[in-house]
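K.L.:
Mind looking over this structure? Questions follow.
Please treat every number below as a calculation from the coordinates, not as lab data. Model, not experiment: these values are computed from the prediction. Neighbour counts are summed over all protein chains in view; Cβ atoms, including those assigned to glycine, are modelled from backbone coordinates with ideal geometry.
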Amino acid sequence: MNTPKILVIGALGQIGSELVEELCLQKGTENVIASDIRPEKEVNIAAQYLQLNVMDKERLYAVIQEYQIGTIYNLAAILSAKGEQDPMFAWKLNMEGLFNTLEAAKDISHLTKIFWPSSIAVFGPNSPRDNTPQYCVMDPNTVYGISKLAGERWCEYYFEKYGVDVRSLRYPGLIGYKAAPGGGTTDYAVDIYHYAVQNKPYQCFLREDTALPMMYMEDAIRATILLMDSPPEQIKNRSSYNLSGMSFSPLGITQSIQKQIPGFQCTYVPDFRQKIADSWPMSIDDTEARNDWGWKPEFDLEKMTGIMLENIAIQYPEVTTG
Ligand code: NAD
Ligand code: SER
């Protein structure tokens, strides 16, 4: 029998591009199919690539049948800051994309596992902000957060009612050097490294003391595959797990960069994203993930800064060679 294939939807984004790379390494390139809305001729990616709009249910079903897909990672979404520009479209994409993958898992017997990411954006101004627990008041006030909280409830519903093996993580802000972020409130924590490496000052769109939960991408990819490879009996939460890596403010990341680039300067000019950040947790309690499937982060701010600066410098050879 052929090995069931893995389909990554939204594979060209910040997470998808790194997840595809790691899945190819661990599961074999021949078992991974990357997809996104961009046409095939524009894309350069190690895995087999298909153009696929997650909102096109008919084509999604056809791809699942044709390629004997056994697992889907559905990463297609509009993130927090971009979502506020067109709330109705963000709601449509985030919910319809999730429903199409959940329905497919209900309808197609060889599609046995779904990963769908949630976010710290499910919390809101009345959630406890320090060491935010798995269960508490949740009153998100962005369309993104509302879609993620609704999505979590639907994941649990499809598990309870239809036995769909759906698994989810509430990712913190994710930071990596390989791909650009796609329109979130935490994007500053990637952009700042690019400015620092080019010896340019950075203007941050959040206040200097705005602490948020964050995670280095390698930890996020490891958590995702660990969750998906864990035996079903270990997955006791079928809405979405809190997940914690580190927590820092714009001032904290600036100081961490200044340890390696002493002349680096950052100014703080908050815009509409400040209000979003102020409604999110400052740190997260991920005891359930640690207890249920053995989660433990490996990267702190200093370790991440070293890796980010080293690898981003390679992307600007004109700066480093003078
Ligand atoms: P991203 O914006 O970088 O990537 C999303 C990808 O989805 C893009 O490549 C885009 O082209 C694709 N896409 C958009 N519309 C599509 C459609 N209709 N059909 C197919 N593909 C489509 O986002 P990301 O940062 O990689 O996030 C991936 C997932 O993780 C999202 O669900 C996001 O909410 C979640 N998440 C991300 C973060 C983070 O910090 N990056 C944090 C929490 C949760
Ligand atoms: N990093 C994401 C954002 O800022 C959180 O889900 O939107």
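K.L.:
Which value in nm describes the separation of the simple spin-label points at residue 88 and residue 26, placed 7 Å from the Cα toward the beta carbon?
P.N.:
Using points 7 Å along Cα→Cβ, the separation is 4.0 nm.
K.L.:
Work from the charge dipole of the stretch 82-135 (Cβ charges, +1 for Lys and Arg, -1 for Asp and Glu, about the Cα centre) and give the residue of 87, 123, 111 farthest towards its positive end.
P.N.:
Value: 111.
K.L.:
Among 168-175, 209-216, 303-310, 195-202, how do they line up from the highest to the lowest mean number of other beta-carbon atoms within 10 Å? All intermediate terms of the calculation are to be shown ahead of the outcome.
P.N.:
Numbers: 168-175: 26.1, 209-216: 22.2, 303-310: 18.9, 195-202: 17.2.
Ranked by mean Cβ neighbours within 10 Å, highest first: 168-175, 209-216, 303-310, 195-202.
K.L.:
So for 302, 233, fewest C-beta neighbours within 10 Å to most, what's the order? Working shown, then result.
P.N.:
Values: 302 11, 233 7.
The fewest-first ordering by Cβ neighbours comes to 233, 302.
K.L.:
What residue among 134, 85, 265 has the largest mean-square fluctuation in a Gaussian network model of the chain, using Cα springs under 10 Å?
P.N.:
85
K.L.:
To the nearest 20 debye, what is the magnitude of the charge dipole of the chain about its Cα centre, counting +1 on the Cβ of each Lys and Arg and -1 on the Cβ of each Asp and Glu? Please report the intermediate quantities before stating the final value.
P.N.:
Details: 28 positive and 40 negative charges, 41 e Å.
Here the chain has a charge dipole of around 200 debye.
K.L.:
State the Cα centre-to-centre distance between the stretch 104-173 and the stretch 275-322 in whole Å.
P.N.:
Computed from Cα coordinates, the inter-centre distance equals 22 Å.
K.L.:
Separate question: Determine the shape class of the stretch 256-322: with a ≥ b ≥ c the square roots of the Cα gyration tensor eigenvalues, call it rounded for a/c under 1.5, and otherwise prolate if a/b is greater than b/c, oblate otherwise.
P.N.:
The shape class here is oblate.
K.L.:
So between residue 292 and residue 318, what do we pick up on full extension, going 0.36 nm a residue minus the alpha carbon distance?
P.N.:
4.6 nm
K.L.:
Quote the FRET efficiency, to the nearest 0.05, computed for residue 209 versus residue 230 with a Förster distance R0 of 51 Å and r equal to the Cβ-Cβ distance.
P.N.:
0.85
K.L.:
A follow-up question, please. At 7 Å along the Cα-to-beta-carbon direction for both residue 62 and residue 41, put a label point, then send me their distance in nm to one decimal.
P.N.:
1.9 nm
K.L.:
Going down the table (82/275; 27/106; 5/92; 5/296; 57/148; 106/148), which pairs top 18 Å between alpha carbons?
P.N.:
27/106; 5/92; 5/296; 57/148; 106/148
K.L.:
Just to be sure I understand: if I project the alpha-carbon convex hull of the chain onto a plane and average over all orientations, what area do I get in nm²?
P.N.:
Mean orientational projected area (the chain, Cα hull): 16.3 nm².
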